[in-house]
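This report refers to the structure that appears directly beneath it.
The values are calculated or read from the model by the stated rules, or taken from the named source; none is laboratory data. Because the structure is a prediction, the values reported are computed rather than measured. Virtual Cβ from ideal backbone geometry, glycine too; neighbours counted across all protein chains shown.
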Amino acid sequence: MRIEVIGAATLYLGDCRDVLPTIGAVDAVVTDPPYGIGFKPNTRSTGANDVYAGGHFGTDFAPIHGDREAFDPAPFIKGPAILWGANNYAARLPDSNGWLCWYKSAGIVGFKMSECELAWTNVLGSTRHIDHLWHGFKRASQNGDRVNHPTEKPVEVMKWCISHLPATANTILDPFMGSGTTGVAAVQMGRKFIGIELDAGYFDISCRRIEQAQRQSDMFIERAAP
C-alpha cells in the first residue's frame, strides 16, 4: 500500500476493501464506482456526430477495474452518501426520492452516449439536477484540459454534489478515486478528502491534480464552517 498526504487530502494506492478498515470514520462518501456493466472505453473517434467528434483521447484507456463484477453498494451507504451510476445497480440500494441528475448534452443532436447521468443519495428528499455541457471538446468548463479517465466528471459537477451534503460533512471519502476529480472539488471547497485508487496510473494522476488544486486553493477556497 502506498499513502500520499497532500495538504488536507490523504490518498491511498490499493484496494478499498483492504484500505477501508484502516481509516476510521468519515463524514460522507461521494464516488463514481464501477457499475458492473463491463464498460468498454471508447478511445478513438472520427464520426461527425460522435461524442468525441473530430478528435481522440490523449491515451488508450484500459477497462475499468472491477466493472465486470456486480457492484455491492452496502458498505458505502452507512452514512451520508452520493453514488453515481446507481441506476445500474438500483435494485441493491434502498428506495430514495433524492436522486441527482447531471444533464450533460445541452440539447446537442446526435449525442450517442447517455444524455444525463444519475446519482443515488440518502441526503435529499427530492430530486435535483444540474445542466452542465460535457460533450467531447464541447464543455462548459475545463476547456483545454486533458481527459484523464474514461468516465471522468467535471469538477463543477462534483462540487455541486458536495454542496448537497450536510454542513457537518467535512471529511469526504471517495473509495474509487479514479483521476481524483472528487478530491479536487473537495480541496477547492475547503473539505478534507480521503481517496482510494487501485490503478497506479490513475493514482499518480490524482496526486498531481489534487496537489495542483491544493496549491491554488488559497486563491479561491470556500472554507467549510467549523
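Quick notes on this one:
- When every residue of the stretch 28-41 is checked against the conditions, none turns out to be at pLDDT below 90, touching a strand residue (DSSP E or B) at 6+ places or on another chain (Cβ under 7 Å) and either closer than 24 Å to GLY190 by Cα or not aliphatic (A, V, I, L, M) (or both).
- Of the set (1) modelled with pLDDT under 95; (2) within 24 Å of ASN87 (Cβ to Cβ); (3) not aliphatic (A, V, I, L, M), all apply to ASP145 but (2).
- Test: residue in the stretch 210-223 that is buried (at least 20 other Cβ atoms within 10 Å of the Cβ), modelled with pLDDT of 95 or more and either within 23 Å of ALA106 (Cβ to Cβ) or in contact with a strand residue (DSSP E or B) (Cβ under 9 Å, 6 or more places away or on another chain) (or both): yes
- Filter result for ALA169 (touching a Lys or Arg at 6+ places or on another chain (Cβ under 9 Å) and either modelled with pLDDT of 95 or more or more than 25 Å from GLY201 (Cα to Cα) (or both)): yes
- Test set (1) over 18 Å from THR181 (Cβ atoms); (2) out of contact with any Asp or Glu (no Cβ under 9 Å at 6 or more places or on another chain); (3) surrounded by 13 or more Cβ atoms within 10 Å (Cβ to Cβ); (4) at pLDDT below 55 - ASN88 fails condition number: (4)
- Residues (outside any loop (DSSP other than H, G, I, E, B) and crowded, with 19+ Cβ neighbours inside 10 Å) located in the stretch 160-181: CYS161, ILE162, THR171, ILE172, LEU173, ASP174, THR181
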